[in-house]
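Novice: This structure is in structure tokens; I'll ask about it shortly.
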Amino acid sequence: EAGVTQFPSHSVIEKGQTVTLRCDPISGHDNLYWYRRVMGKEIKFLLHFVKESKQDESGMPNNRFLAERTGGTYSTLKVQPAELEDSGVYFCASSQVWGANEQFFGPGTRLTVL
Amino acid sequence: DQQVKQNSPSLSVQEGRISILNCDYTNSMFDYFLWYKKYPAEGPTFLISISSIKDKNEDGRFTVFLNKSAKHLSLHIVPSQPGDSAVYFCAASVSYGKLTFGQGTILTVHP
């Protein structure tokens with residue numbers, strides 16, 4: 001069974017540009033989460049989808065961030081326009097609806113905003 | 001407001017000895033706790049978890065202890081192996097929701 005995949009693995013953009021990150025969860029996982037780790041600090045929650053619906057978006061930093069999960073499969077996270085402080089590693093995780101809350105993480109996308 | 005704290009940034013242990021990683025939390029609503037291991041350039045990998053109704057959970061070389069009254073949990077690795085060298089994150093959640101992570105502890109196991 002394939003794990004959580006994320007694309008791209010690295011992205012370097014200029015301040016003011018737009019970047020779109022993609023996450024493909026484990027097949028059959030209804031829960032999809034986005035997290036971010038900035039400058040080696042703790043991993044922080046951004047938002048949670050249950051299928052195509054946003055269950056919790058309390059961690060989204062501001063309205064420059066837009067997450068979508070059309071059809072309840074893969075998800076995208078768009079940053080527009082990107083700022084310097086958006087640099088970090090963006091992780092996606094997925095889990096099944098019922099049972100233990102073991103979230104399975106992807107390898108992350110390292111975003112560098114110059 | 002850091003609700004989950006790992007106060008030791010790093011820990012160095014001799015191969016074969018016990019590694020003890022500690023974690024404190026402040027939110028009494030947390031009812032599920034997890035430990036993740038992370039290698040460089042990879043995502044966190046789930047290690048072991050514990051529900052708030054238990055005080056101990058064991059899986060092979062890994063044991064997690066939960067002290068609810070002290071709002072403290074710990075991960076014991078026995079015996080430690082060089083391949084265990086990684087960053088260990090403690091995480092907590094409320095009713096299967098989002099995870100709140102600690103800052104991580106870098107474990108180095110020396111041969």
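The values are calculated or read from the model by the stated rules, or taken from the named source; none is laboratory data. All of these numbers come straight from a predicted model, not from anything done at the bench. So basically every Cβ, Gly included, is an ideal-geometry build from the backbone, and we count neighbours across all protein chains shown.
Novice: Please indicate, with yes or no, whether at least one residue in the stretch B:33-43 is more than 14 Å from chain A (Cβ to nearest Cβ) and not polar (S, T, N, Q).
Specialist: Among the residues of the stretch B:33-43, not one is more than 14 Å from chain A (Cβ to nearest Cβ) and not polar (S, T, N, Q), which makes the answer no.
Novice: Any idea how many residues of the stretch A:5-21 are touching a Leu at 6+ places or on another chain (Cβ under 8 Å) and closer than 26 Å to A:Gln55 by Cα?
Specialist: Result for the stretch A:5-21: 6.
Novice: When the residues of the stretch B:67-94 are filtered to those that are more than 12 Å from every other protein chain (Cβ to nearest Cβ) and β-branched (Val, Ile, Thr), which remaining residue is farthest from the chain's Cα centre (by Cα)?
Specialist: B:Val78
Novice: For A:Val89, only one of the following conditions fails: (1) farther than 23 Å from B:Gly104 by Cα; (2) outside any loop (DSSP other than H, G, I, E, B). What is its number?
Specialist: (1)
Novice: Exactly one condition in (1) polar (S, T, N, Q); (2) part of a loop (DSSP other than H, G, I, E, B); (3) within 9 Å of chain A (Cβ to nearest Cβ) is not met by B:Asn7; state its number.
Specialist: (3)
Let's see how each residue does on (1) in a strand (DSSP E or B); (2) of a type in the set (S, T, N, Q):
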| residue | (1), (2) |
| --- | --- |
| B:Phe46 | yes, no |
| B:Ala70 | no, no |
| B:Leu73 | yes, no |
| B:His76 | yes, no |
| B:Ser80 | no, yes |
| B:Gly83 | no, no |
| B:Ala92 | yes, no |
| B:Gly97 | no, no |
| B:Val109 | yes, no |
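Novice: May I pose another question? Taking the residues in the stretch A:61-74 that are at pLDDT below 95 and in a loop (DSSP other than H, G, I, E, B) as candidates, determine which candidate is nearest to A:Gly28 (Cα to Cα).
Specialist: A:Thr73
Novice: In addition: Give the residues of the stretch A:7-49 that are assigned to a strand (DSSP E or B), surrounded by fewer than 17 Cβ atoms within 10 Å (Cβ to Cβ), away from chain B (no Cβ under 11 Å) and not hydroxyl-bearing (Ser, Thr, Tyr), sorted by residue number.
Specialist: Listed by number, the residues that qualify are A:Phe7, A:Val12, A:Arg22.
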